[in-house]
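To keep things clear, I will list the structure first and then write my remarks on it.
Here, each number is a calculation from the coordinates, and none is a lab measurement. In this text, all values refer to a predicted model and were calculated from it rather than measured experimentally. Glycine also receives a Cβ, built like all others from the backbone with ideal geometry; neighbour counts cover every protein chain displayed.
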Amino acid sequence: MKPLIITAFYTKNSVPTTTLSPTIKIRKVSNSELVINDAVMTSIGEGQYVYSFSLTEPNETYTIVCDGGGTLANSERYNYATCETPAIELIASFSE
């Protein structure tokens, strides 16, 4: 399965910033398990940060919290999201 690419956008005083070290927490909704805890996101420019999440399970819903860090005002510090992973369909091919 392809990794899930998670992005977050941060500003400082309403200006996009690339000087942060945001972290990400990812939790399964089904059992509240924390599967990613404070992993560091990577800056890709213009205030955008990215994290590649490869531990996804089919038919699972995840909650995501990205934290831009304590140098940001609370109104700019957090990004929230949820995502659902699709079911993996088994495709069989038969040949004679």
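Translational diffusion of the chain was estimated from the Stokes-Einstein equation, with Rh taken as the Kirkwood radius over Cα pairs; at 10 °C and 1.306 mPa s the coefficient is 108 µm²/s.
Sum up the charges of everything whose Cβ sits under 14 Å from the Cβ of GLU84, counting Lys and Arg as +1 and Asp and Glu as -1, but leave GLU84 out.
Working: positive: ARG27, LYS28; negative: GLU57, GLU60.
Counting the neighbours of GLU84, the net charge comes to 0.
On the basis of the beta-carbon distance and an R0 of 25 Å, VAL29 and THR71 show a calculated FRET efficiency of 0.25. Paramagnetic label reach from GLU57 (point 7 Å along Cα→Cβ; backbone nitrogen cut-off under 15 Å): within the range 1-44, residues 26-36. Each helix, a run of at least 4 DSSP H residues, gives -39500 (n - 2.57); summed and divided by the residues of the chain, these come to -500 deg cm²/dmol at 222 nm.
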